Amino acid sequence: MDVEITIERYADQGRCVGHVDGRVVFVRFALPGERVRVTLDEPHDREDRFWTGEVTEVLDPSPDRVTPVWPLAGPVADGGGVGGADLIHVSLPGQLAWKKAVIDDQMKRLGHVDTDVQVVRAPGDEEEGGLHWRTRIELIADDEGHPSMRRRGSHTRVPIDDMPLATHTLLDVAEQTQLWRGGFEPGSQIRVVAPEPREEAGATPFDTRATADAHRTDADAPDYALMIDGRQRDGRRLLTEDVDVTLPGAESATRFSYCVDCGGFWQVHRLAPNLLVQHVLDLAATVLRGTTTACIWDLFSGSGLFTLPLAVTAAPRVRMLSVEGAPNAVRNAQRNLDRYHVRTVDALVGDVARTLRTVPSRLSRPDLVVLDPPRAGARAEVCRRIAAAAPRGIIYVACDPTSLARDTATLTAAGYRLTDIRAYDIYPMTHHVETVALFVKD
């Protein structure tokens, strides 16, 4: 069923809102102010509160509309539909405006706070036209064994021989490993990872005494990985990721090196680790200013992206609790801490909510809490337990504005005030955005 709709505003999840006969319609590949023809998703005759659909024709375009630079990620009606770039039809300035509007709206509606968030673009992304930022891609082999992506709303696998969002380094790896030639078992899950050299090529290592990982058996292999169905086929299992930050009072960047499992989580944008760690350290410095001995919690801590630099720079003496649910990530976090001779962190494997019910007394009163939860957010129990521990400050790193807004409401109800919020556009061409918020105790 096709309908004509005037698009009214941005919505969450890369969609915009219009109405048909009083019923809300969430529309993909639309922009506010446009008059568009939309094909409604099936079944469209149900009695739900809302319908969904996709633009098939633009009758009156927005000034922010552009021709998709990657047509396969555009609307199905134009031969696209593979996903992974749901704002491919939006200009780069328009993408920033979209993300700002969504964050501010969610924080007001669900967090009950007024914000005027700044959305920061990563260096180099504008020059690249919003492309070539992903250091990790995941594909599936089609029936002929070629790398492919699924077309939205179907089981169709669309073969591809390029990935415009991938970094140039990753595309080089794809060529070296003959990825695009195929030959995979149909249905195989394909993952390619290629750590990207950071901007600060001359950054000084934080600790020149740091030694190579004694557990690594593939140190001479190239620093990339091609995985098939979770098994490493080429490159390394343990990869090296470098993060460059400028420490207080320093004139040049300092480099921290991390051991990361090729199948595990790491920030996917080539510069996201630099941007996020730098901002978290800057916020931590404001919370801990004048502190000589600090207790810090790092929750949902992964491989220790924030744990390591906080442990060695946040205060003259730091003791930390880090909690992460993935055992491999915690093992790598421990390797990373050992490499820098850090012995002041209790790196625990476990569910964050359950772990916080029995924190050892020597770590039970944190001065600062940093948390970087998954898309679902920290949730109410974790937020209340953090607030009950009464830290001076809480730094919340969020990959979903809706979850951040809900948790903001819990934290403010528990006596904390939002004092700083900034967003990073580390997912160009998509609706995703990373937001960092600082809460302080009233």
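Looking across region 22-41, the residues that are farther than 15 Å from ILE88 by Cα and assigned to a strand (DSSP E or B) come down to ARG23, VAL24, VAL25, PHE26, ARG35, VAL36, ARG37, VAL38, THR39, LEU40.
Name the residues in region 112-168 that are of a type in the set (Asp, Glu), assigned to a loop (DSSP other than H, G, I, E, B) and free of Cβ contacts under 8 Å to residues at least 60 places away in the same chain, would you?
Taking region 112-168 and keeping what is of a type in the set (Asp, Glu), we get 114, 116, 125-128, 138, 142-144, 161-162.
Still in the list and also assigned to a loop (DSSP other than H, G, I, E, B): 114, 116, 125-128, 142-144, 161-162.
Those that are of a type in the set (Asp, Glu), assigned to a loop (DSSP other than H, G, I, E, B) and free of Cβ contacts under 8 Å to residues at least 60 places away in the same chain: ASP114, ASP116, GLU126, GLU127, GLU128, ASP142, ASP143, GLU144, ASP161, ASP162.
Where strands (runs of 3 or more DSSP E) sit wholly within region 292-391, those with at least 3 residues that are open to solvent by less than 40 Å² (accessible area, probe 1.4 Å) and either within 25 Å of ASP442 (Cβ to Cβ) or free of Cβ contacts under 8 Å to residues at least 24 places away in the same chain (or both) occupy 293-299, 368-371. Inspection of region 145-161 finds no residue satisfying the criterion of being farther than 19 Å from GLY79 by Cβ and open to solvent by 70 Å² or more (accessible area, probe 1.4 Å).
Residues of region 227-270 that are open to solvent by less than 50 Å² (accessible area, probe 1.4 Å) and hydroxyl-bearing (Ser, Thr, Tyr): THR240, THR254, SER257, TYR258. Listed by first and then second residue, the pairs with beta-carbon distance under 8 Å, at least 6 apart or on different chains, first residue in region 49-70 and without any contact (Cβ under 8 Å) to a residue 24 or more places away in the chain, second open to solvent by less than 80 Å² (accessible area, probe 1.4 Å) and part of a strand (DSSP E or B), are GLU57/VAL36; GLU57/ARG37. Of the residues making up region 83-111, those that are open to solvent by 10 Å² or more (accessible area, probe 1.4 Å), assigned to a loop (DSSP other than H, G, I, E, B) and at pLDDT 95 or above number 3.
Provide a single number: the residues in region 181-209 that are at pLDDT 95 or above, over 20 Å from ARG237 (Cβ atoms) and open to solvent by less than 40 Å² (accessible area, probe 1.4 Å).
Filtering region 181-209 for residues at pLDDT 95 or above gives 181-195.
Still in the running and over 20 Å from ARG237 (Cβ atoms): 181-183, 185-187.
Now narrow it down to the ones that are open to solvent by less than 40 Å² (accessible area, probe 1.4 Å): 182, 187.
Counting residues in region 181-209 that are at pLDDT 95 or above, over 20 Å from ARG237 (Cβ atoms) and open to solvent by less than 40 Å² (accessible area, probe 1.4 Å) gives 2.
Considering only region 169-193, state which residues are in contact with a Leu (Cβ under 6 Å, 6 or more places away or on another chain) and part of a loop (DSSP other than H, G, I, E, B). Hit for region 169-193 is THR177, nothing else.
The values are calculated or read from the model by the stated rules, or taken from the named source; none is laboratory data. Here the structure is a predicted model, which is why all the values come from computation and not from measurement. Note that each Cβ is placed from the backbone with ideal geometry, even for glycine, and that neighbours are counted across all protein chains shown. Only protein heavy atoms, including side chains, enter the accessible area calculation; ligands, DNA and RNA are left aside. Shrake-Rupley method; radii C 1.70, N 1.55, O 1.52, S 1.80 Å.
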